[in-house]
Amino acid sequence: LPSSRRRLPAGLFEFKAADVKVDLSKLSTKKQTAEFQTWSAQTVCTMMADMALMRACYRRRSWLDTTKAWQTVLLEVGVVCRQKGEVSWSLSLGPMSGIAAIAWPLADSMIANRQHFFPKQVGARDLLWLTVLKLDDWEVLPVEWWSPLHGAIVAKADGADLPMLQISCAKVGEPRSLKVEAALNCFWDLGAAPLNALCQDEGIDLPSRSLFTMCEKLVAKYLPMKSEEERLAILSQRLFTKRYVDSDLLLDGAVEEVFADGDQKYLEEYVQETKEDKKLRKTYAEEYRAHRVRVRAAGAPKGKAKAKAKAGVAAKKPIPWPASITVEFARMLLPHSASTRLQKDTYNNRWVTFSSAGGGKRCISRSWPIYGERGALLNLAKQAWLWHTTVWGEECPWGEVVQYGLES
């Protein structure tokens, strides 16, 4: 009632400069060191991850399982997963704080006689928080992702309708354990700490704690049915990694001015971590190549068979250029492998090659109006052979491809 209203003190929301005890400039830095809780996407997700871990441990009636929550880092972005015993699948959007992963529930339908999954139309409250406390309790569904256009074309050909034009995925195999999925992807981009913890849990004796040694031992442990050559292909996936922002660019004076003074320390830490990570990956590549030599040497023919095989290896050959370059001729210059494909894009006047050597997905194209018809093909062939040689060790037999770009 109007008679019961009370007027607030006039100076309630006013303050004097001398009364401010928190440096507000700290709130705009990367690391918020304020004395009170500040709300941001990062802090809210961290708290939600903590609550998800508490809920998972409560359901298992074991608080000691919190020490195993780090295994959630295996729920990599893009993994279609579920806990064994559940009916529906969900798409992992990646772990938060290393103890819980955000997941998007998936709906399914049958298109072209294949089980097809697509993200449900949900709100933020419907997203799931997943925590892995025991690896054997989780499974992953092998899928291939379709673009909205691809999905629409396939659905139309099958006489079916997608709920809406969106990305989707189709089932390509039976469910497999999270361990096997991680091993088939060479544990994605995980660092040494979680890999070392996995080795300890599996009781693996490590001659050294290098990144390659841990990956090699874990792949052999989880994929004993794979041959040595197949394991080499899996281990090679770590050779093709993401590119980091150039350290020198970050330390450029003009770039540094963009960062606040309080962020300079974190910028320098990032640059240092990037350099250490590059060094770690370089060591991995060196150890991988040494291991590949040992594996190939162990399976190499002996005695007369070795001499015969050596004599059968042709020297670098000249390219028998025809008057008109056909797709069949162009394919002859590329590695004869199922992991390498070539396409002639006449609409854009370019050659395109795709490589899945080592499990990666790479593509490069060159336009013949710019490079010339021969130059575009040689440029493409050289990159394709580089990817192929890095994984399989087979050298390019074409001298002109090897020498391309070295004349200058």
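The values are calculated or read from the model by the stated rules, or taken from the named source; none is laboratory data. Everything numeric here is computed off the predicted structure, so don't read it as measured data. Glycine also receives a Cβ, built like all others from the backbone with ideal geometry; neighbour counts cover every protein chain displayed. Surface areas here come from the heavy atoms of the whole protein model, side chains and all, with no ligands, DNA or RNA. Shrake-Rupley method; radii C 1.70, N 1.55, O 1.52, S 1.80 Å.
Here is how the numbers come out for the structure above:
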| read-out | value |
| --- | --- |
| The lone exception for residue 65 - which of (1) open to solvent by less than 20 Å² (accessible area, probe 1.4 Å); (2) out of contact with any strand residue (DSSP E or B) (no Cβ under 9 Å at 6 or more places or on another chain); (3) not basic (Lys, Arg) it fails | (1) |
| Residue 116 being surrounded by 17 or more Cβ atoms within 10 Å (Cβ to Cβ), at pLDDT below 90 and within 23 Å of the chain's Cα centre (by Cα) | yes |
| Matching residues in the range 208-234 - criterion: being in contact (Cβ under 8 Å) with a residue 60 or more places away in the chain, farther than 26 Å from residue 92 by Cα and open to solvent by 30 Å² or more (accessible area, probe 1.4 Å) | 228, 229 |
| Condition check for residue 146: crowded, with 21+ Cβ neighbours inside 10 Å and touching a Lys or Arg at 6+ places or on another chain (Cβ under 6 Å) | no |
| Residue check, residue 73 among the β-branched types (Val, Ile, Thr), under 17 Å from residue 177 (Cα atoms) and not in a helix (DSSP H, G or I) | no |
| Residue count, the range 44-54 (criterion: surrounded by 13 or more Cβ atoms within 10 Å (Cβ to Cβ) and touching a residue at least 60 places away in the same chain (Cβ under 8 Å)) | 4 |
| Pair list, Cβ < 7 Å and 6+ apart or interchain, from the range 185-205 residues that are free of Cβ contacts under 8 Å to residues at least 24 places away in the same chain to residues that are assigned to a loop (DSSP other than H, G, I, E, B) and hydrophobic (A, V, I, L, M, F, W, C) | 195/187; 199/206 |
| Residue within the range 84-101 that is polar (S, T, N, Q), part of a loop (DSSP other than H, G, I, E, B), open to solvent by less than 40 Å² (accessible area, probe 1.4 Å) and closer than 17 Å to residue 179 by Cα present | no |
| Hits in the range 194-207 - residues which are under 16 Å from residue 283 (Cβ atoms) and either open to solvent by 20 Å² or more (accessible area, probe 1.4 Å) or of a type in the set (S, T, N, Q) (or both) | 196, 206, 207 |
| Meets criteria (closer than 30 Å to residue 333 by Cα, of a type outside the set (S, T, N, Q), modelled with pLDDT of 80 or more and open to solvent by less than 80 Å² (accessible area, probe 1.4 Å)) for residue 297 | yes |
| First in the range 89-107 and touching a residue at least 40 places away in the same chain (Cβ under 8 Å), second anywhere and open to solvent by 10 Å² or more (accessible area, probe 1.4 Å) and of a type in the set (Lys, Arg), Cβ under 6 Å, 6 or more apart | 89/82; 107/120 |
| Candidates 135, 162, 130, filtered to the one that is at pLDDT below 90, surrounded by 13 or more Cβ atoms within 10 Å (Cβ to Cβ) and aliphatic (A, V, I, L, M) | 162 |
| Single match in 170, 182 (criterion: assigned to a strand (DSSP E or B), surrounded by 12 or more Cβ atoms within 10 Å (Cβ to Cβ) and of a type in the set (A, V, I, L, M)) | 170 |
